[in-house]
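Asker: Have a look at this one before I ask anything.
The values are calculated or read from the model by the stated rules, or taken from the named source; none is laboratory data. Worth saying up front: this structure is predicted, and the values here are computed from it rather than measured. Neighbour counts are summed over all protein chains in view; Cβ atoms, including those assigned to glycine, are modelled from backbone coordinates with ideal geometry.
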Amino acid sequence: MKVVKLLLATSNAKKVEEIRKILPSGFELLTLKDIGFSEVIPETTNTIVGNSSQKAWFVFNRTGLNCLSDDSGLEINALGGRPGVDSAHYAGMPPDNVKNIDLVLKEMGELQERGARFVTVMTLILDGNEHQFEGEISGAITRSPIGTNGFGYDPIFVPAGFETTFAHMEAVDKNMISHRAKALEKLNEFFASKA
Ligand code: ITT
């Protein structure tokens, strides 16, 4: 496979770090910071699929570079799928992970039904054409935060089949099974099939 050069259309440094660790060599990844891009990227659709597409096209239209966006969210069964598309700013603006987690735990209270899933939709704009790749992982919400690794809701999410939270696992373990890893596996297969 020849080297694939992609601009990551995200302002979240933790996502960049995970994507870099997950993708195999063969990808050359640029960040918005690398190219001095500082515009606010709109996220005004009501869905993860829509926001993912919107972010990728916005950056592609501004730069003309092949790019990849990541829109993700935590969908909790007992909360009717919330925080979902509002995951980043669930407790209001500006986005605050600690406040988001506190609000989720308050809303969940002592509910027995604690099922949830993380979803990622990645949008690739390649030579002006859109391709989307989805990944998800199911699990359960804890009663209090555990661990300090990762980001976002990682301290309260235990992936199915595991005993502890994403934030209490090593990054390498999260990155083998996560929603983001699954979406990137599809992206990787897409490029491998073109080679
Ligand atoms: P960009 O839009 O710039 O990519 P963002 O942080 O605003 O960055 P999203 O709109 O996709 O990204 O928001 C998703 C939120 O969901 C994110 O801020 C986290 O709070 C949470 N999230 C996403 N992936 C996560 C993960 O792997 N672990 C824990 N929380 C995650």
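Asker: Using the structure shown, decide if residue 33 is away from the ligand (no atom under 14 Å from the Cβ), over 17 Å from residue 135 (Cβ atoms) and either part of a loop (DSSP other than H, G, I, E, B) or not charged (D, E, K, R) (or both). Let's see the steps before the verdict.
Answerer: On the way: away from the ligand (no atom under 14 Å from the Cβ): no; over 17 Å from residue 135 (Cβ atoms): yes; either part of a loop (DSSP other than H, G, I, E, B) or not charged (D, E, K, R) (or both): yes.
In short, no.
Asker: Quick check on this structure: which one of 96, 70, 102 is over 15 Å from the mean Cα position of the chain (by Cα) and near the ligand (Cβ under 10 Å from one of its atoms)? Steps first, answer last, please.
Answerer: Numbers: 70 fails: over 15 Å from the mean Cα position of the chain (by Cα); 102 fails: near the ligand (Cβ under 10 Å from one of its atoms).
The unique qualifying residue is 96.
Asker: Could you list all residues from region 103-114 that are surrounded by 14 or more Cβ atoms within 10 Å (Cβ to Cβ) and not aliphatic (A, V, I, L, M)?
Answerer: 107, 114
Asker: Continuing with this model, one more query. Hey, residue 193 hits all of (1) within 16 Å of the chain's Cα centre (by Cα); (2) more than 15 Å from the ligand (Cβ to nearest atom) but one; which does it fall short on?
Answerer: (1)
Asker: Since residue 157 meets every condition but one in (1) more than 11 Å from the ligand (Cβ to nearest atom); (2) modelled with pLDDT of 95 or more, which condition does it not meet?
Answerer: That leaves (1) as the condition not met.
Asker: Go through region 132-155 and count every residue that is within 17 Å of residue 47 (Cβ to Cβ) and surrounded by fewer than 18 Cβ atoms within 10 Å (Cβ to Cβ).
Answerer: Final tally of qualifying residues: 3.
Asker: Follow-up question, since we're still on this one. Mind telling me which of the residues 152, 135 ends up being closer than 24 Å to residue 53 by Cα, part of a loop (DSSP other than H, G, I, E, B) and within 14 Å of the chain's Cα centre (by Cα)? Walk me through how you get there before you give the answer.
Answerer: Numbers: 135 fails: part of a loop (DSSP other than H, G, I, E, B).
None of the others qualify; the one that does is 152.
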